[in-house]
Each structure stands twice: as structure tokens, then as C-alpha cells.
Amino acid sequence: NFLKIQKSYLMTNLKIITIVFLTFSICFQSSYGKDVLKAKKGIIWDSENNQYIAEGDVNYLSNDIELFSQYLKASYEIIDGKEIFNEIFLDGDVKIIYNEEIYTSDNGIYNKKDQIILLNNNVEVVSEGRILKGDELIIDLEENTRTMNASDKDSFVEVFINE
């Protein structure tokens, strides 16, 4: 009987510990948001200027977008005690994954506040059934539009359909 009581006690405690752990994990994630910034060379936090600077195989992950580059400079503001990124500058091997589309370029800016992404130089968009190439791309996330431009009279925008 003692072993049955001991086993029952342990199972009850294990269930309580599991519930507490899951509750803590959910509260921790919701209180700190879903933004994650990683970099191979390092990250500098400049609290005086409200910026993060990351270098070397940088990866930024948010709720609905993932950014990759070699260099990232993110400006933030503090709202309700939380750091909220409002503009992210990317440089070198830029890759953005958003809504099953992949965007690449040499550099770009993601304005989170206005929901606009501007990509420059060697821009390519890969989505199901098509590839677009050009010099500049403006992505309006709120309006769900993509505008590809050529930089001068000697360049052009290419669209490859069913690629």
C-alpha cells in the first residue's frame, strides 16, 4: 500500500510540475514577444540610441517574417515597457521569407511600423510558379502589393512564369 500511495503522490506532483512549466512557458513567450535576433559574430545593444547591431550570418525571426543578412541594424522604441522594433536595415546577402515567398537582394530596409520593405540591388522574388528580377522592390505588407522597378534606362524588370 505504501508503494501505491508513493507512486500516486509522485504522479500527482509530476502533473502539477508539468502544468506549472507549461503555464510559465506560455506566459514567458507572450510577455517577451516572438522576436528573436541571432548573429554569428555578435550583437551590440546600444540602449542609449535604442538600437541593436548584429553581424555575421544574422537571423531575425518575428511572428510572420524571417530576415537573413550579414549585417543588421534595428532601431526600436519602448512601448508599455517592451522594446518594439520599428525599422530594420539589412546589408549583405539579404534574404526575406514572408507568406511563402522568398526575397533576396544586396541590401534593404524593413519598416515594421509602416509595414513596408524596400530592397535594392540584385533583387529577386521567388514564389510559386514565378520569379521576378529587378533593381528595386517595394513590398507593401498591409496592401499586399509588390512593385519591382528598374534603376535606369539600360536595366529592365524580368518575370519568369512557371519556373
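The values are calculated or read from the model by the stated rules, or taken from the named source; none is laboratory data. Quick caveat, the model's predicted, so the values are computed rather than measured. Using ideal geometry, Cβ is built from the backbone for each residue, glycine included, and neighbour counts are taken over all protein chains shown. Note: accessible area is taken over every heavy atom of the protein model, side chains too, but ligands, DNA and RNA are not part of it. Shrake-Rupley method; radii C 1.70, N 1.55, O 1.52, S 1.80 Å.
When all protein chains stay in place and ligands, DNA and RNA are ignored, the 1.4 Å accessible-area order of Lys40, Lys73, Lys34, largest first, is Lys40, Lys34, Lys73.
Subtract the Cα-Cα distance of Glu143 and Ile84 from 0.36 nm times their separation in residues, and report this length gain in nm to one decimal.
Numbers: separation 59, 0.36 × 59 = 21.24 nm, distance 2.19 nm.
Here the segment from Glu143 to Ile84 would lengthen by 19.1 nm.
Taking 14 Å as the cut-off, the amide N atoms of the stretch 97-130 that come nearer than this to a point 7 Å along the Cα-to-beta-carbon line of Asn63 belong to 112-113, 115.
Compute the signed sum of charges (Lys and Arg +1, Asp and Glu -1) over the other residues within less than 15 Å, Cβ to Cβ, of Lys41. Residues near Lys41 contribute -1 overall. Starting from the Cα gyration tensor of the stretch 36-82, take the square roots of the eigenvalues, sort them a ≥ b ≥ c, and report rounded, prolate or oblate (rounded when a/c is under 1.5, otherwise prolate if a/b is larger than b/c, else oblate). Because a/c hits 1.5 or more and a/b fails to exceed b/c, the stretch 36-82 counts as oblate.
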